[in-house]
Amino acid sequence: MTALSLLVMAVSIALITAESSVYFREQFEDGDTWRSRWVESKHKSDYGKFVLSAGKFYGDAKKDKGLQTSQDAHFYALSSRFADFSNKDQPLVIQFTVKHEQSIDCGGGYIKLFPSDLKQEDMHGDSTYNIMFGPDICGPGTKKVHVIFNYKGKNHLINKDIRAKDDEYTHLYTLIVNLDNTYEVKLDNKKVESGSLEEDWDFLPPKKIKDPEAKKPEDWDEREKIDDPDDKKPEDWDKPENIPDPDAKKPDDWDDEMDGEWEPPMVTNPEYKGEWKPRQIDNPAYKGKWVHPEIDNPEYTADNEIYNYDSIGVIGLDLWQVKSGTIFDNFLITNDPKLAEEVGNETWGATKDAEKKMKEGQEEEERKKHQEEEKTRKEEAKHEEEEEDKEEEEEEEEEEEETDSKLKDEL
């Protein structure tokens, strides 16, 4: 067995036997004691308040309780600390659920992972974070899933467009970062995007650049077709586009002294052929499109640990929402993608159908209520109309009786 085979086997065994670790998990199943685990930032005095709620509709009244934004047009800043760890040499999985039951128009639904040195009571929008992940919606133009990594002090946005869910139901968001510098984004436990960290972000300068010393040769001909040098314009080609109308006659009452010299109107010349152009032929000197040669970029240095963060110790919600009502739940940070999938099925997966059923039931009740209200409104309107008609008839009868009485008196 070769040394390479032994190495591959050792790596495989290490991956298989690696211990599954859960670094953070929060499902808010113990009531208001969540407040002892989460810290409100005091960086600003007017941050919005989170409340514990399952919302107006849910699959399970207890299991679906989460942190809900409660005040419109507010910033929110809340975080929870856990034991500091590094994701070096292991996958990193971030997972949580988001429910925009308020039919969100503009607001964030993402989380941030911070290094452990974050001062939670001073957390704010400019606080340095490791990863920002989750949906962000604002009007019809912005409905994206953010995946932002901090690399060497700079935040880098993904160069792909991942569509966020903008309906009113709960959705499961999962980010997997692998130690081979690859990633995967899942929505409702289904992969929606994946690829390479190096290729899908601008962490590193390009491997290749255009050779600054290379220049296109002066005699390089990129013209695929040229004018035929043997093609000559016919001698009778040039004809005016418009000519005097040969059928026009000077009016009998035209007075040259009074009206000036008469000129016939112009008409399109039937012999006009337009601009002459020589026919095109293949260019015998054609060399194709010149391609600027590339060289290795001297500023490029490979980094096999783009994925790695030495310190991860705080998860935070740092948001702005115009219309409040979003519910965050089922937070999970682990090194085990399979475990995350199972937890997703046990939480979001177990209640999503019942949640939809309750929502549809409420909508049906609302529809029936609206129908009943509309029916009542029409009946009341009809009754009012009948009463008005009756009053008009009575008034007409009274007027007729008065008229008859006057006639009798006159007689």
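Checked against (1) in contact (Cβ under 8 Å) with a residue 24 or more places away in the chain; (2) under 25 Å from T174 (Cα atoms); (3) among the charged types (D, E, K, R), R279 meets all criteria but (2).
Taking the conditions (1) among the basic types (K, R); (2) touching a helix residue (DSSP H, G or I) at 6+ places or on another chain (Cβ under 9 Å); (3) within 21 Å of Y129 (Cα to Cα); (4) in a loop (DSSP other than H, G, I, E, B) in turn, K63 satisfies each one other than (3). Of the strands (runs of 3 or more DSSP E) lying entirely inside the range 201-305, the ones with 1 or more residues being under 30 Å from Y151 (Cβ atoms) are found at 208-210, 294-296.
On the given criteria, is V343 part of a loop (DSSP other than H, G, I, E, B) and of a type in the set (V, I, T)? No.
Within the range 322-340, does at least one residue satisfy the condition of being part of a helix (DSSP H, G or I), surrounded by 10 or more Cβ atoms within 10 Å (Cβ to Cβ) and among the small types (G, A, S)? Yes, the range 322-340 contains at least one residue that is part of a helix (DSSP H, G or I), surrounded by 10 or more Cβ atoms within 10 Å (Cβ to Cβ) and among the small types (G, A, S). The numbered conditions (1) outside any loop (DSSP other than H, G, I, E, B); (2) within 32 Å of the chain's Cα centre (by Cα); (3) more than 30 Å from D64 (Cβ to Cβ) are all true for K160 except (1). Of all residues being more than 29 Å from L204 (Cβ to Cβ) and of a type in the set (D, E) in the range 266-320, which is surrounded by the fewest Cβ atoms within 10 Å (Cβ to Cβ)? Just the residue, please. Result: E275.
Would you confirm whether or not the range 67-76 contains a residue that is of a type in the set (F, W, Y) and surrounded by 22 or more Cβ atoms within 10 Å (Cβ to Cβ)? Checked against the condition, which is being of a type in the set (F, W, Y) and surrounded by 22 or more Cβ atoms within 10 Å (Cβ to Cβ), the range 67-76 yields at least one hit.
Scanning the range 35-54 for residues that are over 17 Å from I111 (Cα atoms) and not in a strand (DSSP E or B) returns R35, S36, K42, H43, K44, S45, D46, A54.
Here I176 does not qualify as β-branched (V, I, T) and surrounded by fewer than 17 Cβ atoms within 10 Å (Cβ to Cβ).
Figure legend. Inter-residue proximity from the range 157-170: first residues in contact (Cβ under 8 Å) with a residue 12 or more places away in the chain, second residues β-branched (V, I, T) and assigned to a loop (DSSP other than H, G, I, E, B), beta-carbon distance below 9 Å, spacing 6+ or different chains. Indicated pairs: D166/I104; E168/I104. Looking at K191, K225, just one residue is surrounded by 11 or more Cβ atoms within 10 Å (Cβ to Cβ), more than 30 Å from E299 (Cα to Cα) and either aliphatic (A, V, I, L, M) or without any contact (Cβ under 8 Å) to a residue 12 or more places away in the chain (or both), and that residue is K191.
Of the conditions (1) at pLDDT 95 or above; (2) not in a strand (DSSP E or B), G316 clears all except one; give me its number. Result: G316 passes all but (2).
Please enumerate the residues belonging to the range 103-153 that are under 18 Å from the mean Cα position of the chain (by Cα), part of a loop (DSSP other than H, G, I, E, B) and surrounded by 17 or more Cβ atoms within 10 Å (Cβ to Cβ). Hits for the range 103-153 are I104, G109, Y110.
Identify all residues within the range 199-226 that are closer than 30 Å to V22 by Cα and in contact with a Lys or Arg (Cβ under 9 Å, 6 or more places away or on another chain); write none if there are none. Scanning the range 199-226 gives D200, F203. Checked against the criterion of being closer than 30 Å to Q27 by Cβ and among the aromatic types (F, W, Y), the range 309-320 contains one or more residues that satisfy it.
The values are calculated or read from the model by the stated rules, or taken from the named source; none is laboratory data. Worth saying up front: this structure is predicted, and the values here are computed from it rather than measured. Cβ: placed from backbone, ideal geometry, glycine included. Neighbour counts: every protein chain shown.
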